[in-house]
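Reviewing the structure listed below.
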Amino acid sequence: DWTPGNVIADQVAAIKAQIGDARVICALSGGVDSAVAAALVQQAVGDQLTCVHVDHGLMRAGEVEQIETDFVASTGVNLVIRDEKERFLTALAGVSDPETKRKIIGREFIRVFEDAQRDIVAEAGAHGEEVKFLVQGTLYPDVVESGGGEGAANIKSHHNVGGLPDDLDFELVEPLRTLFKDEVRAVGRELGVPEEIVSRQPFPGPGLGIRIVGEITAERLEILRRADAIAREELTKAGLDNEIWQCPVVLLADVRSVGVQGDGRTYGHPIVLRPVSSEDAMTADWTRLPYDVLSTISTRITNEVREVNRVVLDVTSKPPGTIEWE
Ligand code: XMP
């Protein structure tokens, strides 16, 4: 019968049979799926696996550290972090259009990952080893969805770490292909993947880049990162993480309004809270968060993030609004 332990035993055997003595690489986004897939492969073939995290500078506060320290500590995985913050900021300079942002982020991601692959292949080759396999955290719903057309991808071009070019000369290892999200979480917990990663809510591949309405700059990213960290902290403190599907925090960087903060007039930016309830992200309703929680988040953000003088709540369902603002 179905237990996380049985899934792990079966998959470890299957992965060993597939990979043999070869080397294998995995792109680690910080999300649940790639983390659990990597942990499974690590369990099966240990040091033959190298994980690559592309740090595009669009992650939320603490997320890269979580991968860098917590994930590595719990799994012992070989991890290469490519610090590409400058590269992404440069490529995105002056761009406000959402689809253009998505395309640039997707394109740069692939280039960086290909560079990383080339380095790993070259290094392994120097030791007479062969790198033939690529791990992907494909889930059962992804398998079904890609058989049934593009779906939501028609509305926005989704960037996933899985969305790598098909001309790569790698054989895929997809140990989560038969699993649903909650099963992946159970397997991850059994493997000792940190709870902060296993229970993480969905987060888009282009990260905070599509939560800044307007041009992306280092300063704007920092403002959003601080506001987002406060909202997340308060939602967790209030025990609401399981009530909401996710809560994007959005910076309206091109909008300014007049406020009064401290002892003077300010001309700052609004932050939007977008808490949603959903079963599958195809449709969603806005979550009726308790007023006192909203109030605490609002007070803290406007007190602690000087550049923000207004916090607004998005009360739009999907449709007509999408979950993300871009
Ligand atoms: P929308 O905004 O289309 O989002 O209602 C639906 C769900 O998908 C997530 N999302 C993404 N996930 N890459 C991803 O991996 C992306 O490019 C992307 N865009 C949106 C979004 O957070 C929500 O859960």
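Could the peptides 43-54, 6-17, 195-206 be put in order, highest first, of the mean number of other beta-carbon atoms found within 10 Å of their residues?
On the way: 43-54: 20.8, 6-17: 15.2, 195-206: 18.1.
Going by the mean number of other Cβ atoms within 10 Å, highest first, we get 43-54, 195-206, 6-17.
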* Rounded to whole Å and sorted largest first, list the principal axis extents of the Cα atoms in the stretch 4-198. => 49, 41, 34
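So if I average 1/r over every pair of distinct C-alpha atoms in the chain and take the inverse, what Kirkwood radius in Å does that give?
Numbers: mean 1/r = 0.0478 Å⁻¹.
Evaluated on the chain, it is 20.9 Å.
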* Taking the Cβ of GLU84 as the centre, find all other residues whose Cβ is under 12 Å away and add up their charges (Lys, Arg: +1; Asp, Glu: -1). => -1
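For the stretch 211-313, report the convex hull volume of the alpha-carbon atoms normalised per residue, in Å³, without decimals.
Working: hull volume 10.5 nm³, N = 103.
Here the figure is 102 Å³ per residue.
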* Asked: Between the helical axis of 291-304 and the dominant principal axis of the chain, each derived from Cα atoms, what acute angle in degrees is found, rounded to the nearest 10?
  -> 90 degrees
* To do: Neighbouring Cβ atoms within 10 Å as the yardstick, rank ASP241, ASP97 fewest first.
  => ASP97, ASP241
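Quick one: plug the Kirkwood hydrodynamic radius of the stretch 97-139 (C-alpha pairs) into Stokes-Einstein at 37 °C, 0.692 mPa s, and report D in µm²/s.
Values: Rh = 12.4 Å.
For these conditions, the coefficient is 265 µm²/s.
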* Asked: Once the Cα atoms of helix 4-19 and of the chain are each reduced to a long axis, what angle between those two axes, in degrees from 0 to 90 to the nearest 10, is obtained?
  -> 60 degrees
* To do: Return the Rg/Rh value of the stretch 58-115, two decimal places, where both radii are evaluated on C-alpha atoms and Rh is the Kirkwood radius.
  => 1.05
* Structure fact -> Sorting GLN43, LEU252, PRO194 by the position of each Cα along the dipole of the chain (Lys, Arg +1; Asp, Glu -1; all at Cβ), the one nearest the positive end of that ordering is LEU252
* Structure fact -> For the stretch 211-313, percent of DSSP beta bridges that are antiparallel (nearest 5) comes out at 60 percent
* If Lys and Arg each add +1 and Asp and Glu each add -1, what is the summed charge of the other residues whose beta carbon sits under 13 Å from the beta carbon of VAL184? -> -1
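Let me know the charge dipole size of the stretch 190-326 about its Cα centre in debye, to the nearest 20, where only the beta-carbon of Lys, Arg (+1) and Asp, Glu (-1) is charged.
Values: 15 positive and 22 negative charges, 105 e Å.
Result for the stretch 190-326 is approximately 500 debye, rounded to the nearest 20.
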* To do: For every helix of n ≥ 4 consecutive DSSP H residues, a contribution of -39,500 (n - 2.57) applies; sum these over the chain, divide by its total residues, and give [θ] at 222 nm rounded to the nearest 500 deg cm²/dmol.
  => -12500 deg cm²/dmol
* **Packing-based ranking, highest mean first, of 70-76, 230-236 given that Cβ atoms within 10 Å are counted** => 230-236, 70-76
* Quote the charge dipole size of the stretch 4-198 about the Cα centre in Debye, to the nearest 20; the model charges only the Cβ of Lys and Arg (+1) and of Asp and Glu (-1). => 340 debye
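Throughout, read-outs are computed from the coordinates displayed, never taken from laboratory work. No experiment lies behind these values; they were computed from the predicted model shown. As a convention, Cβ positions derive from the backbone with ideal geometry for all residues, glycine included, and neighbour counts pool all protein chains shown.
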